[in-house]
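The values are calculated or read from the model by the stated rules, or taken from the named source; none is laboratory data. All figures in this text were calculated on a predicted structure; none of them were measured in a lab. Neighbour counts are summed over all protein chains in view; Cβ atoms, including those assigned to glycine, are modelled from backbone coordinates with ideal geometry. Side chains included, ligands, DNA and RNA excluded: accessible areas come from the protein's heavy atoms. Shrake-Rupley method; radii C 1.70, N 1.55, O 1.52, S 1.80 Å.
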Amino acid sequence: MGRAFEYRKAAKLKRWGNMARTFTRIGKQISIAVKAGGPEPENNPALRTIIANAKAANMPKENIERAIKRAISKDTENYKEMVYEGYGPFGIAIVVETATDNTTRTVANVRSYFNKAGGSLGTSGSLDFLFDRKCVFKVNKKEGIDIEELEFELIDYGAEEIFEEEDSIVIYGTFESFGKIQKYLEDNGFEITNGEFERIPVDTKEVTGEQRASIEKLIEKFEEDDDVTNVFHNMKNPE
């Protein structure tokens with residue numbers, strides 16, 4: 001097993017504890033996908049994947065349909081995806097992904113969270129060297145599937161690592177291979193239950209228990225903000 005597997009196993013990424021916040025986040029992603037590629041899932045691969053993510057999060061069908069309708073109305077907000085990078089306490093690198101209709105508000109909030117925790121907001125791209133951006137898919141296991149054969153086949157489509165996780169298969173690939181891997185999975189009858197991008201730290205930084213608590217408090221502050229969609233860091237997780 002490689003780095004993606006170890007990262008996924010160790011990170012134990014905190015689930016969005018608030019269902020309403022989860023639906024708000026997915027609703028924004030639907031809006032962005034619809035405006036970029038249209039409201040028909042069969043003609044919009046990005047929208048198909050987000051709908052799969054919505055179903056995995058138990059978002060009701062009516063909410064999904066309402067989000068799509070709202071996205072094509074003239075009165076809807078225009079959401080913009082923005083990434084903010086900075087250092088939290090004890091030199092931990094943090095990348096904050098957002099979807100916002102007001103970048104002035106969002107950057108002010110993000111800067112405030114960093115500053116109050118004793119960290120600082122950096123410039124765009126300043127932490128790129130500390131993270132590898134990967135695409136990741138989670139699909140339901142199919143009967144008779146050989147993981148090694150599937151991995152061998154998907155290498156040509158940009159996959160780098162495949163492993164089993166309970167009743168699912170998890171596929172990590174290069175950032176650029178998202179569309180090719182998605183098409184292969186759909187063409188070969190795999191049910192995609194999740195598809196997204198992750199930033200995997202190139203190296204992780206050791207912290208004490210007390211330091212971890214301080215950093216996790218800052219991460220929670222980011223996650224409580226409705227404009228924030230993902231938070232990544234390079235803090236080493238406990239064994």
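Give the calculated FRET efficiency between SER126 and ASP146 to the nearest 0.05, with a Förster radius of 45 Å applied to their Cβ-Cβ distance.
Numbers: r = 43 Å, r/R0 = 0.95.
According to the calculation, E is roughly 0.55.
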Which GluC sites (Glu not before Pro) in segment 95-195 pass both tests, a DSSP loop state and at most 11 other beta-carbon atoms within 10 Å? GLU143, GLU166
Counting only protein heavy atoms with a 1.4 Å probe and every protein chain in place, the carbon and sulfur fraction of the accessible surface of the chain in whole percent equals 47 percent
Part-to-part distance (alpha-carbon centres) for segment 138-167 and segment 217-239, which is given in Å: 29 Å
So, over other residues within a Cβ distance under 14 Å of TYR84, counting Lys, Arg +1 and Asp, Glu -1, the net charge is -2
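Using 0.36 nm times the number of residues separating ARG21 and ASP187, minus their current alpha carbon distance, what extension gain do you get?
Details: separation 166, 0.36 × 166 = 59.76 nm, distance 3.28 nm.
Length difference between fully extended and current span is 56.5 nm.
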Gyration tensor verdict on segment 83-239 (Cα atoms; rounded if a/c is under 1.5, prolate if a/b is larger than b/c, oblate otherwise): prolate
Segment 97-239 accessible area per residue, 1.4 Å probe, protein heavy atoms, integer Å², reads 53 Å²
Taking the Kirkwood radius as the inverse of the mean 1/r across Cα pairs, report the Rg/Rh of segment 123-201. 1.02
Additional length obtainable on full extension of the chain from GLU81 to ASN43, 0.36 nm per residue less Cα span: 11.5 nm
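Could you pull out the trypsin sites (Lys or Arg not before Pro) across segment 17-90 that fall in loop regions by DSSP (anything but H, G, I, E, B) with no more than 11 other Cβ atoms inside 10 Å?
Values: sites: ARG21, ARG25, LYS28, LYS35, ARG48, LYS55, LYS61, ARG66, LYS69, ARG70, LYS74, LYS80; in loops: LYS74.
Loop-located and lightly packed - LYS74.
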Members of LYS28/LYS55; LYS35/LYS80; LYS55/LYS138; LYS28/LYS116; LYS28/LYS74 lying beyond 18 Å, as alpha-carbon distances in this model show: LYS28/LYS116
Check: C-alpha center segment 35-95 vs C-alpha center segment 168-183, spacing in Å is 18 Å
